[in-house]
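Participant: My structure is below; once you've seen it, I'll send some questions.
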Amino acid sequence: MNIHRYEKLWLVAALVLIVGFIATITYGSVGLGIAMIDDEAETVNPEKLNEHEDFGEPGVKQVGENEYEVYVRAWQFGFDPGSVEAGLDPIEVPANSTVTFYITSEDVIHSFSVVGTNINTMAIPGEVSSVTVEFDEPGEYGILCAEYCGAGHHTMEGKIIVHPEDEYAINGTDVETGNDTTDETEA
Amino acid sequence: MGAYIDHFPREAKLIRSAFYTSFIMLALGGIFGVIQTLHRTDVVRFIDSADYYTVLTAHGVFMVIAFTIFFLVGMFTWAVTTSLERPLEDMSFSWLWFLMMTVGAVITGVTILLGFVESVDVSADVLFTFYAPLQAHPLFYIGLVLFVIGTWLAGADWFRSWWAWKRENPDERIPLPTFMVLTTMIMWYIATLAIAVSILAFLLPWSLGIFDHVNPLLTRTLFWFFGHPIVYFWLMPAYMMWYLLLPKFAGGRLFSDPLARVVFILFLLLSTPVGIHHQYMDPGIAEGFKFIVMTNTMFLLLPSFLTAFTVVASIEHGARQRGGDGYFSWLKSLPWREPAFTGMALAGLMFAAGGFSGMINAGMNINYLVHNTLWVPGHFHLTVGTAVALSFMAGSYWLIPQMTGRRLASKPIALLQVVLWFVGMTFMANSMHRSGLIGIPRRTAEPQYQGFEFEAALGSVSELNAQLAIGATLLFLSLTLFLWNMLITAFNKSAESPGENVIPTPLSGPDDSPAVLDNMKLWTAIAVVLVILAYTLPLASIVSRGGLLGRGGDAFPVSIDYLALFAQVALESAAGLV
Ligand code: HEM
Ligand SMILES: [Cu+2]
Ligand SMILES: [Cu+2]
């Protein structure tokens with residue numbers, strides 16, 4: 001078979017490029033330890049979430065000195081906790097903490113996407129997604145559902161508030177949510 | 001010699017019908033496209049936001065199921081009959097598959113559109129991905145099944161032509177155009193198997209109330225088993241045009257026949273075992289599987305790189321035949337006034353840009369940043385929305401006269417049309433990619449939220465929206481010009497000869513290439529093995545985790561009930577706040 005010289009060169013260059021991509025991404029995920037969403041968490045029964053040990057009472061749990069777990073239930077059309085607009089609590093964690101989110105869905109497929117970050121995962125009924133994040137600085141983040149889930153999909157949003165470490169108390173009871181007031185008292 | 005219609009008048013009629021049907025689908029898809037763009041950018045809103053998803057389902061299905069595939073069957077029929085130089089074996093069989101496809105498309109289309117009619121309890125607001133537990137009316141799935149069976153029969157028709165030809169020409173190489181059709185159809189048979197199982201074994205019985213549940217991750221994975229190769233099903237007719245027609249329009253001939261065969265074989269082998277790259281963000285699938293799929297996906301870049309080379313080399317050859325010279329000044333010798341040439345060349349250029357954004361999508365860790373943002377429609381409006389759609393429109397400027405024996409109504413308007421599409425898409429794709437990078441989601445009626453705002457790194461969100469709206473308007477204008485031109489051409493009285501229906505023979509022909517390239521059985525077997533390797537473990541794991549029919553979770557027909565439910569939740573939470 002007669003292959004033109006330039007074509008051979010091009011073929012080699014293309015292969016090098018492809019292998020280069022794969023190497024870069026392998027380094028990015030294995031070398032730098034960026035974890036993917038995977039199949040580590042156990043499955044749940046979406047109809048019996050209320051009876052589930054953790055998802056029965058979703059919310060923030062402290063599991064170590066600076067370590068927290070957050071159980072989130074996505075539903076049509078909100079996040080529990082997270083959806084302030086629907087009258088639920090925001091997700092509140094302290095700065096300088098390592099937070100693992102566990103997310104599942106009660107009904108259809110949703111997503112849990114934190115705007116401006118690479119926290120982005122599907123919430124599939126029966127499956128649990130886990131994402132571990134380090135929150136260094138205080139601040140606020142918006143959460144949105146980026147997987148179409150029905151007629152009210154565009155209203156599905158929520159909020160994460162990262163409090164300064166010394167102002168944080170778990171379960172939100174002692175926490176002042178208005179940033180302005182906290183600024184006055186502490187900063 | 002003469003035009004296609006002079007040789008194959010009966011086939012020309014069938015092909016015409018397929019093309020016209022595809023244009024009607026394109027027109028419908030375009031109307032919904034512009035409505036949804038103006039709605040989500042908040043430029044003009046005259047539909048309810050809840051109806052946005054009916055519009056979006058219609059846009060997706062009419063564009064990428066109906067428009068593209070109706071065009072494909074016309075194109076492939078042209079390619080097989082022209083290159084084997086023989087008519088179809090049995091026209092009534094051919095009309096049967098065409099009819100089946102049409103009936104299927106109409107059933108599915110009407111079911112979707114009934115979503116606008118509140119008094120009828122039929123809807124299918126499930127988007128073209130129909131992820132369960134979102135549920136459509138059973139007719140939506142039934143229409144899809146008919147449509148797909150229609151395409152299977154069409155494939156059988158082309159295989160039948162080839163077998164008949166082979167009996168008469170036992171020692172000849174498969175002509176390249178037919179080779180392209182056959183490999184593409186084998187890929188399609190493998191791919192559609194998954195969607196057939198998904199619909200017939202799970203979704204349809206479930207929508208009819210026979211089962212209570214399905215396993216959402218399973219049906220989603222089966223969708224993408226089919227959903228990635230369908231991308232190449234859209235693309236292959238465009239590639240075929242770039243290999244067979246573009247060199248001819250440029251005044252030359254294809255550079256290399258054997259390499260074209262290699263490219264199509266690579267697509268057959270690699271395009272199915274990669275579907276999980278649409279599920280990087282899904283729980284319940286191990287990281288290792290995602291990694292394997294990513295590697296396959298990167299290798300799938302190879303045939304497209306090879307195509308880029310061959311196409312550019314063939315065009316350059318054409319330009320030099322026309323007297324062009326120099327390193328780059330040969331570009332000036334190309335027939336830029338020919339809409340068919342210019343449209344395809346611009347489509348190819350946009351495909352290169354789409355290829356780059358596709359490489360980003362394929363990287364499994366970078367994907368976190370862009371998954372389900374507007375970046376993704378930005379990417380595929382360059383690929384299917386331009387590389388494919390614009391090539392089809394440009395190709396029609398040559399194909400429709402071939403099929404009708406009538407002169408193209410207006411060449412200048414056709415030229416304006418393809419350029420306008422390019423300009424409109426530049427605006428739209430630029431805006432979509434940039435919006436995606438700042439996190440603006442796709443598939444959202446109102447990407448304006450109460451608790452937070454998107455921050456544009458350059459410019460502003462309103463500037464991005466303005467670009468999107470301008471782009472969409474230009475695209476719609478371009479589409480109107482195209483349809484108008486086709487309409488006038490169809491009724492054009494002048495019976496001027498549209499030129500010869502010939503595909504020039506390639507510079508280096510098939511004869512010195514290994515005969516194994518034409519061994520369809522071998523390639524089919526390898527493709528099947530690769531699919532089995534890529535999917536057995538993930539599917540087994542998904543089923544063992546979630547059960548074949550899922551565990552719990554109700555069906556969610558997307559209909560008015562939901563609004564009621566939503567209103568109730570909103571009221572309750574409002575009450576809670578008070
Ligand atoms: C008039 C020209 C067009 C306009 C204005 C347009 C506009 C849009 C917009 C704004 C979206 C994103 C909507 C959202 O995610 O909320 C979209 C989605 C889409 N478009 Fe287009 N488009 C056009 C042409 C095309 C063409 C020619 C094709 C393919 C042949 C196409 C295929 C699609 C598909 C498959 C989707 C995704 C649907 C979904 O997410 O379910 N579009 N279009
Ligand atoms: Cu949603
Ligand atoms: Cu894909």
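Each row is one residue, and each column tells you yes or no for (1) closer than 27 Å to B:Ile400 by Cβ; (2) in contact with a strand residue (DSSP E or B) (Cβ under 9 Å, 6 or more places away or on another chain).
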| position | (1), (2) |
| --- | --- |
| B:Thr41 | no, no |
| B:Phe46 | no, no |
| B:Tyr52 | no, no |
| B:Glu85 | yes, no |
| B:Phe93 | yes, no |
| B:Phe116 | no, no |
| B:Ala132 | no, yes |
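One line per residue, one yes/no per condition, for (1) open to solvent by less than 30 Å² (accessible area, probe 1.4 Å); (2) under 19 Å from A:Gly142 (Cα atoms); (3) free of Cβ contacts under 8 Å to residues at least 12 places away in the same chain:
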residue: B:Ala445; (1), (2), (3): yes, yes, no
residue: B:Gln448; (1), (2), (3): no, yes, no
residue: B:Glu453; (1), (2), (3): no, yes, yes
residue: B:Ala457; (1), (2), (3): no, yes, no
residue: B:Val461; (1), (2), (3): no, yes, no
residue: B:Thr473; (1), (2), (3): no, no, no
residue: B:Leu479; (1), (2), (3): yes, no, no
residue: B:Asn485; (1), (2), (3): yes, no, no
residue: B:Ile488; (1), (2), (3): no, no, no
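Participant: Of the numbered conditions (1) open to solvent by 10 Å² or more (accessible area, probe 1.4 Å); (2) in contact with a helix residue (DSSP H, G or I) (Cβ under 8 Å, 6 or more places away or on another chain); (3) touching a residue at least 60 places away in the same chain (Cβ under 8 Å); (4) away from chain A (no Cβ under 14 Å), B:Pro339 fails exactly one; give the number of that condition.
Facilitator: Of (1) open to solvent by 10 Å² or more (accessible area, probe 1.4 Å); (2) in contact with a helix residue (DSSP H, G or I) (Cβ under 8 Å, 6 or more places away or on another chain); (3) touching a residue at least 60 places away in the same chain (Cβ under 8 Å); (4) away from chain A (no Cβ under 14 Å), only one is false for B:Pro339: (1).
Participant: While we're looking at this one, here's another question. Could you please find all residues in segment A:129-146 being closer than 16 Å to A:Thr100 by Cβ and open to solvent by less than 10 Å² (accessible area, probe 1.4 Å)?
Facilitator: A:Ser129, A:Phe135, A:Ile143
Participant: Still on this model: Can you find a residue in segment B:407-425 that is within 12 Å of another protein chain (Cβ to nearest Cβ), assigned to a helix (DSSP H, G or I) and either more than 16 Å from ligand 3 (Cβ to nearest atom) or touching a residue at least 40 places away in the same chain (Cβ under 8 Å) (or both)? First the steps, then the outcome.
Facilitator: Residues of segment B:407-425 within 12 Å of another protein chain (Cβ to nearest Cβ): none.
For segment B:407-425, residues within 12 Å of another protein chain (Cβ to nearest Cβ), assigned to a helix (DSSP H, G or I) and either more than 16 Å from ligand 3 (Cβ to nearest atom) or touching a residue at least 40 places away in the same chain (Cβ under 8 Å) (or both): absent.
Participant: Taking B:Phe46 as the residue in question, decide whether it is open to solvent by less than 30 Å² (accessible area, probe 1.4 Å) and at negative phi.
Facilitator: no
Participant: While we're on this one: Filter segment B:399-443 down to the residues that are surrounded by 19 or more Cβ atoms within 10 Å (Cβ to Cβ) and of a type in the set (S, T, N, Q) and list them by number.
Facilitator: Listed by number, the residues that qualify are B:Gln402, B:Thr404, B:Gln417, B:Ser431, B:Ser435.
Participant: Does B:Phe305 meet the test of being facing chain A (nearest Cβ under 9 Å), in contact with a Leu (Cβ under 9 Å, 6 or more places away or on another chain) and either part of a helix (DSSP H, G or I) or without any contact (Cβ under 8 Å) to a residue 12 or more places away in the chain (or both)?
Facilitator: On the way: facing chain A (nearest Cβ under 9 Å): yes; in contact with a Leu (Cβ under 9 Å, 6 or more places away or on another chain): yes; either part of a helix (DSSP H, G or I) or without any contact (Cβ under 8 Å) to a residue 12 or more places away in the chain (or both): yes.
It is true that B:Phe305 is facing chain A (nearest Cβ under 9 Å), in contact with a Leu (Cβ under 9 Å, 6 or more places away or on another chain) and either part of a helix (DSSP H, G or I) or without any contact (Cβ under 8 Å) to a residue 12 or more places away in the chain (or both).
For every residue, the table says whether it meets (1) crowded, with 23+ Cβ neighbours inside 10 Å; (2) within 11 Å of chain A (Cβ to nearest Cβ); (3) within 14 Å of ligand 3 (Cβ to nearest atom).
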residue: B:Asp257; (1), (2), (3): yes, yes, no
residue: B:Ala260; (1), (2), (3): yes, no, no
residue: B:Phe267; (1), (2), (3): yes, no, yes
residue: B:Tyr280; (1), (2), (3): yes, yes, yes
residue: B:Pro283; (1), (2), (3): yes, yes, no
residue: B:Phe289; (1), (2), (3): no, yes, no
residue: B:Met294; (1), (2), (3): yes, yes, yes
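Participant: Within segment A:147-157, restricting attention to residues that are part of a loop (DSSP other than H, G, I, E, B) and within 7 Å of chain B (Cβ to nearest Cβ), which residue is surrounded by the fewest Cβ atoms within 10 Å (Cβ to Cβ)?
Facilitator: My answer is A:Gly152.
Participant: Looking at (1) part of a loop (DSSP other than H, G, I, E, B); (2) under 26 Å from A:Trp75 (Cβ atoms), find the lone condition where B:Phe140 falls short.
Facilitator: Result: B:Phe140 passes all but (1).
Participant: I'd like the full set of residues that are at the interface with chain B (Cβ under 8 Å from one of its Cβ atoms) and part of a loop (DSSP other than H, G, I, E, B), limited to segment A:120-144.
Facilitator: Correct list: A:Ile124, A:Gly126, A:Glu127, A:Val128.
Participant: I've got another one for you. Going through segment A:97-116 one residue at a time, which ones are in a loop (DSSP other than H, G, I, E, B) and within 13 Å of A:Lys159 (Cα to Cα)? Break it down into steps so the answer makes sense when it comes.
Facilitator: Residues of segment A:97-116 in a loop (DSSP other than H, G, I, E, B): A:106-109, A:115-116.
Scanning segment A:97-116 gives A:Val115, A:Gly116.
Participant: Can you pull out every residue in segment A:67-96 that is outside any strand (DSSP E or B) and either within 16 Å of ligand 3 (Cβ to nearest atom) or in contact with a Pro (Cβ under 8 Å, 6 or more places away or on another chain) (or both)?
Facilitator: In the first step, residues of segment A:67-96 are kept if they are outside any strand (DSSP E or B); the result is A:76-77, A:81-90, A:95-96.
Of everything in segment A:67-96, those that are outside any strand (DSSP E or B) and either within 16 Å of ligand 3 (Cβ to nearest atom) or in contact with a Pro (Cβ under 8 Å, 6 or more places away or on another chain) (or both) turn out to be A:Pro81, A:Gly82, A:Val84, A:Leu88, A:Asp89, A:Pro90, A:Ala95.
Participant: Counting just the residues of segment B:358-382 that are away from chain A (no Cβ under 14 Å) and open to solvent by less than 20 Å² (accessible area, probe 1.4 Å), which one comes out nearest to the chain's Cα centre (by Cα)? Steps first, answer last, please.
Facilitator: Kept after step one, since they are away from chain A (no Cβ under 14 Å), are these residues of segment B:358-382: B:378-382.
Restricting the remaining residues to those that are open to solvent by less than 20 Å² (accessible area, probe 1.4 Å) gives B:378, B:382.
Numbers: B:Gly378: 14, B:Leu382: 11 Å.
Per the stated criteria, the residue is B:Leu382.
The values are calculated or read from the model by the stated rules, or taken from the named source; none is laboratory data. Predicted model only: the values in this text are computed from it and were never measured. Backbone-built Cβ (ideal geometry, glycine too); neighbour counts: all protein chains shown. Please note that ligands, DNA and RNA were not included when accessible areas were found on the heavy atoms of the full protein model with its side chains. Shrake-Rupley method; radii C 1.70, N 1.55, O 1.52, S 1.80 Å.
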